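So the structure is just underneath, and the comments pick up after that.
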Amino acid sequence: MDSDKLKGLRVKEERIQLDLDNYFLRHNDPKRVCNEKEVRVVKKKETKKIKTGLVTLATVEADAETSSLIERADKFLGEIGYTEHGFRHANLVAHIARNIMYRLSFPEREAELAAIAGYLHDIGNVISREFHEVSGALISRSILKRLGMSYSEIAVVMNAIGNHEEEHGCATSSVAAALIIADKSDVHRSRVRSTDQLVFDIHDRVNYAAQRSFLNVNPETCMITLEIEIDTSISQVMEYFEIFLSRMVMCRNASKFLDCKFSLVINKTQLL
Ligand SMILES: [Fe+2]
Ligand SMILES: [Fe+2]
């Protein structure tokens, strides 16, 4: 499907909803084709790519080694008190990264690489949280090489994964930029493992307080806006900034790489 047809499937003001259950594009246009139809179109397209030998998100999702490592990585992080980093987060980041690229009319294949990088980006946690972006890039290299991806595409995915954490990374390609924005936008109560608010740390509190998260990508105004609704009886907006300011700065720089501006709106107030 060419990019013009893909554009036709999108609505001007559509939103990318970050909730896993509803991560498909939201639509305001009553004449628009339904989400399911769009999903079918994407699946058909992915099947065609598998036949032609290109590694797609579907190929990676179906890989047994990848699934085992993501599952184990999430368990290990759970043991040291981190929020959810499993299939929910991997799938969500993959779809959001791809949608950012689609919305900004990047080539279809580049969008697919962003989806693959999004799916694999936290796989390095299976070794250690420390430098998981580097170990994740190397693990992904061996998986993608085995699956038959070209070395030049592997390089793009490795670079994106290696640059997704704010401590050591920055946007060095459009794929890396989309991954950064998708990853840092995933703030949601469904990531909190414990239901006992008495044992919440600040990360749990902020995530649990986030009742809804939306990422709006507006190609006309070149604005990428993260909208979050926070229950301030659980966590104050200041707490969000305390732990997420560096991430928001990273998102701003990544948006700049995509020739867009980044904006943060919490409880309908623009803060960045
Ligand atoms: Fe990470
Ligand atoms: Fe992540």
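The numbers here are math on the coordinates, done by the rules we state, and not lab data. For clarity, every value in this text was computed on a predicted model and none was experimentally measured. Counting neighbours? That spans all protein chains shown, and the Cβs are built from the backbone with ideal geometry, glycine included.
Just a few scattered comments:
- Scan region 185-238 for residues that are among the charged types (D, E, K, R), over 15 Å from G81 (Cα atoms) and more than 20 Å from the chain's Cα centre (by Cα) and the total you get is 2.
- Subset of region 75-101 (residues that are in contact (Cβ under 8 Å) with a residue 12 or more places away in the chain, more than 13 Å from ligand 2 (Cβ to nearest atom) and assigned to a helix (DSSP H, G or I)): F76, G78, H95, R98, N99, I100, M101
- Tally of residues being over 22 Å from A210 (Cβ atoms) and either more than 12 Å from the chain's Cα centre (by Cα) or within 16 Å of ligand 1 (Cβ to nearest atom) (or both) across region 87-108: 7
- Of all residues in region 103-145 being buried (at least 24 other Cβ atoms within 10 Å of the Cβ) and hydroxyl-bearing (S, T, Y), the one that is nearest to ligand 2 (Cβ to nearest atom): Y119
- Residues (hydroxyl-bearing (S, T, Y) and out of contact with any Phe, Trp or Tyr (no Cβ under 9 Å at 6 or more places or on another chain)) located in region 147-184: S150, Y151, S152
- Unique residue being closer than 21 Å to F262 by Cα and within 15 Å of ligand 1 (Cβ to nearest atom) when the list is E165, E220, E133: E165
- Among (1) within 16 Å of ligand 1 (Cβ to nearest atom); (2) within 14 Å of the chain's Cα centre (by Cα), the one test that A111 misses: (1)
- The helices (runs of 4 or more DSSP H) located wholly in region 148-264 that include 3 or more residues which are small (G, A, S) occupy 151-162, 174-184, 237-257.
- Residue count for region 75-86, restricted to those that are under 13 Å from H132 (Cβ atoms) and within 12 Å of ligand 1 (Cβ to nearest atom): 3
- The set of residues from region 105-144 being in contact with a helix residue (DSSP H, G or I) (Cβ under 9 Å, 6 or more places away or on another chain), part of a loop (DSSP other than H, G, I, E, B) and farther than 20 Å from T56 by Cβ comprises I127, S128, R129, F131.
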